[in-house]
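A.B. asks: Pasting a structure here, questions to come.
The values are calculated or read from the model by the stated rules, or taken from the named source; none is laboratory data. Predicted model, so just to flag it, every value in this text is computed and none were measured. Cβ: placed from backbone, ideal geometry, glycine included. Neighbour counts: every protein chain shown.
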């Protein structure tokens, strides 16, 4: 099972810009660690008190691993990627229920995940059960509200199991609700896998990033060798909406050339650079002007492109028809 981590890349144009890119588009606060192994650490996240927004955004970088591994706060939650778009990618344990050929139980567990601030993304993840003698449940809470969702998968031959299909035969998936800050996974079987043991000795249950999981019939055996799978969390600033922050005169985390956007999952808000700017909207001067003239994918003029703050203009050659004299994008379109 491959786990794909996304790494933030700064796109630069030309040798001079490439050499200055780290300075032009800062990710972390000045003097703060901006990498832990393969994971980029953008502010509001940080490894020390002066480097994060508040303690919920602490990243513990454990350099006893090679390469070092990032963990959320002081927990054992392994972080594999952080995006300024409000996503934290982590690895989370699989629930399993395994049997010997005789039907005697040999391994089982009930993994759980509790989050103090962030929530499990309802749009990026699916609750999944794998097995041909499998009943699985995810118990969870949304603040003070509890819920329980189940998934059932029964089959008596691997011939009925289709690769790429998770519709109930060998694999079952269902959506999870918004706002989950706690989950516990349980999985069991009906006949201790005695009727399907030769091709499926275990039942499995997990929450997984949907676009990172493509079911294969080999998982009926091979998931015994997989301990964890990728899960996406949603993060946001504070517990108030943008309007509430404005009305309460609370300082915005959003800095210049950025805008405030309410979180769609859980409470709080995000910051986003205005159109025509890129960078880290949580840092002072973090959103920098995009030079559209350096990227032909942003305009369709081969010559006479003039970059301006937050925008650009394209001038036609002398003698062109008046209607072509000037063409604007964004605020001037």
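A.B. asks: When you look at residue 285, is it in a loop (DSSP other than H, G, I, E, B), touching a strand residue (DSSP E or B) at 6+ places or on another chain (Cβ under 9 Å) and within 24 Å of residue 149 (Cα to Cα), yes or no?
C.D. replies: Numbers: in a loop (DSSP other than H, G, I, E, B): yes; touching a strand residue (DSSP E or B) at 6+ places or on another chain (Cβ under 9 Å): yes; within 24 Å of residue 149 (Cα to Cα): no.
No: the conditions fail for residue 285.
A.B. asks: Given the options 187, 196, 232, name the one that is under 24 Å from the mean Cα position of the chain (by Cα) and at pLDDT 95 or above.
C.D. replies: Details: 187 fails: under 24 Å from the mean Cα position of the chain (by Cα); 196 fails: under 24 Å from the mean Cα position of the chain (by Cα).
Of 187, 196, 232, the one residue that is under 24 Å from the mean Cα position of the chain (by Cα) and at pLDDT 95 or above is 232.
A.B. asks: Just checking, does the stretch 159-180 include any residue being part of a helix (DSSP H, G or I) and either surrounded by fewer than 16 Cβ atoms within 10 Å (Cβ to Cβ) or at pLDDT 90 or above (or both)?
C.D. replies: Here is the first cut: in the stretch 159-180, the ones part of a helix (DSSP H, G or I) are 159-160.
Right, trim to either surrounded by fewer than 16 Cβ atoms within 10 Å (Cβ to Cβ) or at pLDDT 90 or above (or both) and you get 159-160.
There is at least one residue in the stretch 159-180 that is part of a helix (DSSP H, G or I) and either surrounded by fewer than 16 Cβ atoms within 10 Å (Cβ to Cβ) or at pLDDT 90 or above (or both).
A.B. asks: Let me ask something else. Return yes when residue 125 is surrounded by 23 or more Cβ atoms within 10 Å (Cβ to Cβ) and in contact (Cβ under 8 Å) with a residue 40 or more places away in the chain and no when it is not. Reasoning before the result, please.
C.D. replies: Values: surrounded by 23 or more Cβ atoms within 10 Å (Cβ to Cβ): yes; in contact (Cβ under 8 Å) with a residue 40 or more places away in the chain: yes.
Yes; evaluated as a whole, the condition is true for this residue.
A.B. asks: On the given criteria, is residue 140 buried (at least 22 other Cβ atoms within 10 Å of the Cβ) and more than 24 Å from residue 193 (Cβ to Cβ)? Walk me through it before giving the result.
C.D. replies: On the way: buried (at least 22 other Cβ atoms within 10 Å of the Cβ): yes; more than 24 Å from residue 193 (Cβ to Cβ): yes.
In short, yes.
A.B. asks: Now a separate question. Taking residue 101 as meeting all but one of (1) over 20 Å from residue 268 (Cβ atoms); (2) surrounded by fewer than 15 Cβ atoms within 10 Å (Cβ to Cβ); (3) under 20 Å from the mean Cα position of the chain (by Cα), write down the number of the exception.
C.D. replies: (3)
A.B. asks: Filter the stretch 49-66 for residues that are assigned to a loop (DSSP other than H, G, I, E, B) and under 15 Å from residue 27 (Cα atoms); which is farthest from the chain's Cα centre (by Cα)?
C.D. replies: Step one: list which residues in the stretch 49-66 are assigned to a loop (DSSP other than H, G, I, E, B), which gives 49-54, 63-66.
Subsequent filtering for residues that are under 15 Å from residue 27 (Cα atoms) retains 50-53.
Working: 50: 25, 51: 21, 52: 19, 53: 19 Å.
Step by step, filter the stretch 49-66, then rank; the result is 50.
A.B. asks: Take the residues of the stretch 253-273 that are surrounded by fewer than 16 Cβ atoms within 10 Å (Cβ to Cβ) and in a loop (DSSP other than H, G, I, E, B): which is modelled with the lowest pLDDT?
C.D. replies: The extreme case among them is 256.
A.B. asks: Could I ask something else about it? Answer with yes or no whether residue 327 is buried (at least 16 other Cβ atoms within 10 Å of the Cβ) and modelled with pLDDT under 60. Break it down stepwise before answering.
C.D. replies: Details: buried (at least 16 other Cβ atoms within 10 Å of the Cβ): yes; modelled with pLDDT under 60: yes.
Considered against the rule, which asks whether it is buried (at least 16 other Cβ atoms within 10 Å of the Cβ) and modelled with pLDDT under 60, residue 327 comes out as yes.
A.B. asks: Whether any residue in the stretch 141-152 is touching a residue at least 12 places away in the same chain (Cβ under 8 Å), closer than 25 Å to residue 74 by Cα and outside any strand (DSSP E or B) is what I want to check. I'd like the intermediate steps shown before the answer.
C.D. replies: The initial filter retains those residues of the stretch 141-152 that are touching a residue at least 12 places away in the same chain (Cβ under 8 Å), namely 141-143, 147, 149-152.
After this cut, where a residue has to be closer than 25 Å to residue 74 by Cα as well, the list is 141-143.
Going one step further and asking which of them are outside any strand (DSSP E or B), we end up with 143.
Yes, because at least one residue in the stretch 141-152 is touching a residue at least 12 places away in the same chain (Cβ under 8 Å), closer than 25 Å to residue 74 by Cα and outside any strand (DSSP E or B).
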